[in-house]
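These notes concern the structure reproduced below.
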Amino acid sequence: MSYLEDVGTLAAKDLRLELRSRDTVPAMLLFVVSTLVVFNFALPAGASADAAYGLLWAALVFTAILGLTRAFAAEREQRVLDGLVLAPSDRSAIWLGKVIAVVAFLGLAEIVALPAFALFFQPVSWELVAGVALASVGFAAVGTLLAAMAAASRARELLLPLLFLPLVIPIVVGGVGASIADDPGRYLGFLALYDLIFAILSWASFEYVVTE
Amino acid sequence: MIAARGLGRSFGSKRVLRDLDLDVAERDLLLVTGPNGSGKSTLLALCAGLLAPTRGELEVKAERGRIGYLAHEPLVYRELTALENLDLYGRLYRVAERRERIGMLLERYGLWEARRERVATFSRGMQQRLALCRTLLHDPDLLLLDEPYAGLDEEGVALLDAELRSLAGTRTLLLATHDPERVASLATGTLALG
């Protein structure tokens, strides 16, 4: 029970920090909407619906990177991560608390992005919504671990996308598949499996990322 | 409490600590002195478990949650208030009677009036006082204090003097300082690095 309390405490802290500083979510919202606007003009008239879905997923991936780049900014500023790591709580609680906050931020961006997508391109189906929700968990699970790794590096802004993009290719494949395939259940199952595997791997390896 | 044999730590090609042998008994107060870059902060971070030795062995007989670590940075969130920061640490360290303990420390270090202000608005001295509150919050058995007097005004220095007098002989302390004379009377030993 105390583990979940620690996770709740850490997630609440991240949400409070964002409510106060507002330096991540507004940037994500602006980015995802402006990207969709640009794609709206970039996509030639008569382009297939599949292309529009592909562009939506590209916008979501880069929005996630934008949020993840800031994920450990507050901890990095005054080496707060050292203080958290020294606490007797399980260190994976830091990861899980951060994942919850990142999912919340991504969720807000997607709540704005999906209606914008419907406005510019295609109607939003339940398969797309389910795919985006599952993808958000995958982005956050993998991305939070990588953001913690990158936070210790001087080239963090460069390192995070370099590590993140190859690892989330399966999410994009599953997400696009769930959006356009006749049998979306198969792709949604694939996304759920990806989330499960990478969440367990990230949860188990976070301790080694934040300690030497 | 702390035993080191042939302890060494390098950062890339730069050796910061080399072949250090150290024994610190329970309730000792060891002063760690030396010029800038001699490895004082590195030694404390090693004892805290934040760094791993690159050579030799280090044994610290204190559980993770029983160590109080005061670093150069206050290790608190700038966008949270003093109260919110201490409450966060109090929860994570499972401090009994958390609110009373936080209130007592904030009173003692003169931060009670500023408890609902964001740390970003604090002066360097106030941040150091808050860092001391954070370090002492869970009543640790082992205190690792890196330049604890840094940034403190006269009142803050007097408060810390009194705190160290009460802690000496009841807790194990490693205190890195450029001003060893100030606490020399409390120390049970001195380690000169560099």
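The values are calculated or read from the model by the stated rules, or taken from the named source; none is laboratory data. Note that the structure is a prediction, hence the values are computed from the model and not measured. With ideal geometry, Cβ positions are generated from the backbone for all residues, glycine too; neighbour counts draw on all protein chains shown.
Quick notes on this one:
- You will find that of A:ALA135, A:ALA204, A:ALA192, the residue that is surrounded by 20 or more Cβ atoms within 10 Å (Cβ to Cβ) and part of a helix (DSSP H, G or I) is A:ALA135 and no other.
Yes/no matrix, rows are residues, columns are (1) closer than 20 Å to A:LEU81 by Cβ; (2) more than 13 Å from the chain's Cα centre (by Cα); (3) not hydroxyl-bearing (Ser, Thr, Tyr):
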| site | (1), (2), (3) |
| --- | --- |
| B:LEU83 | no, yes, yes |
| B:LEU88 | yes, yes, yes |
| B:ARG98 | no, yes, yes |
| B:LEU106 | no, yes, yes |
| B:SER123 | no, yes, no |
| B:PRO140 | yes, no, yes |
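For (1) buried (at least 19 other Cβ atoms within 10 Å of the Cβ); (2) within 14 Å of chain B (Cβ to nearest Cβ); (3) at pLDDT below 95, each residue gets a yes or a no:
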site: A:LYS98; (1), (2), (3): yes, yes, no
site: A:ALA101; (1), (2), (3): yes, yes, no
site: A:LEU106; (1), (2), (3): yes, no, no
site: A:LEU114; (1), (2), (3): no, no, no
site: A:LEU119; (1), (2), (3): no, no, yes
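- Residue selected from segment A:22-42 under the condition more than 14 Å from A:LEU66 (Cα to Cα) and touching a residue at least 40 places away in the same chain (Cβ under 8 Å), by the criterion surrounded by the fewest Cβ atoms within 10 Å (Cβ to Cβ): A:VAL37
- Contacts under 6 angstrom Cβ, first residue in segment B:84-110 being more than 9 Å from chain A (Cβ to nearest Cβ) and assigned to a helix (DSSP H, G or I), partner surrounded by fewer than 19 Cβ atoms within 10 Å (Cβ to Cβ) and basic (Lys, Arg), 6 or more apart: B:GLY90/B:ARG98; B:LEU106/B:ARG115
- Complete set of residues in segment B:72-97 that are among the basic types (Lys, Arg) and either more than 18 Å from A:GLU5 (Cβ to Cβ) or modelled with pLDDT of 95 or more (or both): B:ARG78, B:ARG91
- Every pair of residues 6+ apart whose Cβ atoms lie under 6 Å, when the first sits in segment A:1-21 and is facing another protein chain (nearest Cβ under 10 Å) while the second is outside any helix (DSSP H, G or I): A:ASP6/A:SER89; A:LEU17/B:GLU79; A:GLU18/A:THR24; A:ARG20/B:GLU79; A:SER21/B:GLU79
- Check on B:ARG55, surrounded by fewer than 21 Cβ atoms within 10 Å (Cβ to Cβ) and within 20 Å of A:GLU207 (Cβ to Cβ): no
- Selection status of B:LEU130, aliphatic (A, V, I, L, M), in contact (Cβ under 8 Å) with a residue 60 or more places away in the chain and part of a helix (DSSP H, G or I): no
- Consider segment B:13-51 and keep the residues that are part of a strand (DSSP E or B) and out of contact with any Leu (no Cβ under 8 Å at 6 or more places or on another chain). The one that is nearest to B:LEU173 (Cα to Cα) is B:ASP23.
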